[in-house]
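**Student:** Can you read through this structure? Questions will come right after.
Nothing in this text is a laboratory measurement; each read-out follows from the coordinates by a stated rule. These figures come from a predicted structure and were not determined experimentally. Quick reminder, even Gly has a Cβ in these numbers, built from the backbone with ideal geometry, and neighbours come from all protein chains shown.
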Amino acid sequence: MARFVQILRKIWTDDKFPFFNDDLKLVWFHLQTTPFSTPFGLICASAESLASEMRWSADRYKKRLREGEEAGCWMFDEKRHVVYFRNYWKHNKPGNPSILANRLESLEESQPSTLLFQCLRDLEASCRKWGDGYLTEFNRAIASAEIKLTPVGTPVITPVGTCGRTTETDTETDTNTEKKLLSKFHLDKSANLELLFEKFWEAYPRKESRKAAWEKFKRLKPNDLMLQKMLNWLAVARNSDQWQDKRFIPLPATWLFQRRWEGDTPPMGCMIRAPAVPRRDEAREYLESLIAIGGES
């Protein structure tokens, strides 16, 4: 479903935005409009995938993401591939409770992350200000998605480390938090395996040997988090020069067996094309023309 993004003109009179460098401004607008954005202020994609949309290097995009976080524009969890506009609900109040309900319809499909919980806590606080109708729709969506939030006023879980940088203590806390989130969302590693495979198959550009790919996929038993890593990798690879030629795209079963998503994506602008081989009739015509020229002389 197409969505319109509201950007107020007063942004140009903001205390910070007009003084950002051009790259940071461009990333700000890109995050607002990317297909990876959600109707509730989260952008769920790796920095590599986002950079690919801009035709930028990943390092260039990550640098601006960190600058934006330091400037207070958003929160960036590099490990789980999530960006959150902290003031999203402050500037994007739904016109009525029904619109809020529509925005939250995709909540059940969202990947569990600390930033998702942060977003929902901020939304809950906003709903309490907006009125009972909004709060009712919010609670209904939360119940439908089987999400349990801590009461308002309790300490908020924030992303561990800044821009993916963690300490040894943070790493242990980070792992425990992830397990709790997965448990709260009731993510079963095998119950929706076929659904996960359909998402993978739809994203993979070379659709051959589906049965073999399905067998490899079943052996992997990926959960939602692993699938998201696969999709992020494919989003970058599809835009590479190398993958524009089907001959250079491995069969999906091979790609899965070799766990390609854990390695580097095909680099941009380095496709090696095989030399063109003339068709038989073209070669024959060429030889006949040479013979004709020789006869004339």
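**Student:** Report the full-extension gain for the segment Glu194 to Asp22: residue separation times 0.36 nm, less the Cα-Cα distance, to one decimal in nm.
**Tutor:** Net length gain for the segment: 57.5 nm.
**Student:** Calculate the FRET efficiency for Glu215 and Val5 from the Cβ-Cβ distance with a Förster distance of 41 Å, rounded to the nearest 0.05.
**Tutor:** Calculated transfer efficiency: 0.45.
**Student:** Mind giving me the FRET efficiency for Arg86 and Asp241? R0 is 45 Å, r the Cβ-Cβ distance, nearest 0.05 is fine.
**Tutor:** 0.75
**Student:** Of the cross-linked pairs Lys10/Lys90; Lys62/Lys229; Lys93/Lys199; Lys63/Lys229; Lys199/Lys246; Lys79/Lys218, which ones have a Cα-Cα span greater than 23 Å in the structure shown?
**Tutor:** Lys93/Lys199; Lys79/Lys218
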